1. Would the stretch 190-212 turn up any residue that is in contact with a Pro (Cβ under 8 Å, 6 or more places away or on another chain) and within 16 Å of the ligand (Cβ to nearest atom)?
2. Regarding residue 82, is this residue in a helix (DSSP H, G or I) and either within 16 Å of the ligand (Cβ to nearest atom) or under 23 Å from residue 229 (Cα atoms) (or both)?
3. Pick out the one residue from 198, 181 that is open to solvent by less than 20 Å² (accessible area, probe 1.4 Å) and touching a Lys or Arg at 6+ places or on another chain (Cβ under 8 Å).
4. Say we look at the stretch 164-175 and pick out the residues that are touching a residue at least 40 places away in the same chain (Cβ under 8 Å) and farther than 13 Å from residue 127 by Cα; which of these is surrounded by the most Cβ atoms within 10 Å (Cβ to Cβ)?
5. Name the residue, out of 161, 73, that is within 14 Å of the ligand (Cβ to nearest atom), in contact with a His (Cβ under 6 Å, 6 or more places away or on another chain) and touching a residue at least 24 places away in the same chain (Cβ under 8 Å).
6. Could you grab me the full set of residues in the stretch 144-158 that are under 15 Å from residue 111 (Cβ atoms) and either open to solvent by less than 10 Å² (accessible area, probe 1.4 Å) or within 15 Å of the ligand (Cβ to nearest atom) (or both)?
7. Report yes if residue 99 is in contact with a Leu (Cβ under 9 Å, 6 or more places away or on another chain) and within 16 Å of the ligand (Cβ to nearest atom), otherwise no.
8. Could you say which residue among 206, 136, 220 is farther than 20 Å from residue 116 by Cα and either open to solvent by less than 20 Å² (accessible area, probe 1.4 Å) or free of Cβ contacts under 8 Å to residues at least 60 places away in the same chain (or both)?
Amino acid sequence: MKRNQIKNILLFGVLCFLLVSALISGLNQNELTAAGILASQDSVLPADTSASPEPEEVPLARKVVALTFDDGPHEEITPQILDILKKEKVPATFFLMGKKAEEYLKLVKRMVKEGHQVGNHTYSHVDLSSLSNQQAKEEIQRAQEVIEKITGQTPILLRPPFGKVRENEVPEDLIVVEWNVDTLDWTGSSPAQILSRVQKQVKPGAIILMHDQYEGTVEALEELIREVRERGYEFVTVEELLFF
Ligand code: NI
């Protein structure tokens, strides 16, 4: 009897020891995992990636691309683009002409409501580099005010028409965004041509240039989203991509 009691106490002790060690090692493992996650997140912070200027290296940890649509809103094309983006749950970035935003303000409101980002594409789509400094600033400012008034948000992105702007024309609170994948949809390309250009050029960190102005763009969009997703990419707004 006594011997059995001692045996039970010893057994209980051993079990307690095992239980406590398992808990401790479990905790350690959790800590290590958390540190591992933090470490891998650290490696994609802009501070670290700024050291490597290769744009391909920026979002390697997560394959992200941004769809951008310029020159809108367009009365007929933009709603179709928005319908597809909504159905596919894809956030995009629209670079708006101030003049058209004023005209189709409901579409601008819809963009923001459905989670898209809107940026400045000047008021009347001019080549800013051909204007005086003062005129260029006014073109940008006027679009800024129109968008602010409609959305209640101040755009932080500027895409200069034709990709042309002089550095001293850009207000301090705007980031100039160009593109690195050109679909050339404005040249009257077929959906197949648009798709093929994206397939050839898509890469992590891609900013894809399109226009919510053409039927071909609408027709290519669903397939484009499907194919890019099949390659393991995730769609984000330009802001998310830049500050990733
Ligand atoms: Ni444009």
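1. yes
2. Details: in a helix (DSSP H, G or I): yes; either within 16 Å of the ligand (Cβ to nearest atom) or under 23 Å from residue 229 (Cα atoms) (or both): yes.
For residue 82, the condition - in a helix (DSSP H, G or I) and either within 16 Å of the ligand (Cβ to nearest atom) or under 23 Å from residue 229 (Cα atoms) (or both) - is met.
3. On the way: 198 fails: touching a Lys or Arg at 6+ places or on another chain (Cβ under 8 Å).
Going through 198, 181 in turn, just one is open to solvent by less than 20 Å² (accessible area, probe 1.4 Å) and touching a Lys or Arg at 6+ places or on another chain (Cβ under 8 Å): 181.
4. The initial filter retains those residues of the stretch 164-175 that are touching a residue at least 40 places away in the same chain (Cβ under 8 Å), namely 169, 174-175.
Checking the rest, the ones that are also farther than 13 Å from residue 127 by Cα come to 174-175.
Working: 174: 19, 175: 15.
Among those that are touching a residue at least 40 places away in the same chain (Cβ under 8 Å) and farther than 13 Å from residue 127 by Cα, it is 174.
5. Numbers: 73 fails: in contact with a His (Cβ under 6 Å, 6 or more places away or on another chain).
Within the list 161, 73, the selection yields 161.
6. Correct list: 147, 155, 157.
7. Details: in contact with a Leu (Cβ under 9 Å, 6 or more places away or on another chain): no; within 16 Å of the ligand (Cβ to nearest atom): yes.
Considered against the rule, which asks whether it is in contact with a Leu (Cβ under 9 Å, 6 or more places away or on another chain) and within 16 Å of the ligand (Cβ to nearest atom), residue 99 comes out as no.
8. Values: 206 fails: farther than 20 Å from residue 116 by Cα; 220 fails: farther than 20 Å from residue 116 by Cα.
From the options 206, 136, 220, the qualifying one is 136.
The values are calculated or read from the model by the stated rules, or taken from the named source; none is laboratory data. Everything numeric here is computed off the predicted structure, so don't read it as measured data. Backbone-built Cβ (ideal geometry, glycine too); neighbour counts: all protein chains shown. Just so you know, the surface numbers come from the protein's heavy atoms only, side chains and all, with ligands and any DNA or RNA stripped out. Shrake-Rupley method; radii C 1.70, N 1.55, O 1.52, S 1.80 Å.
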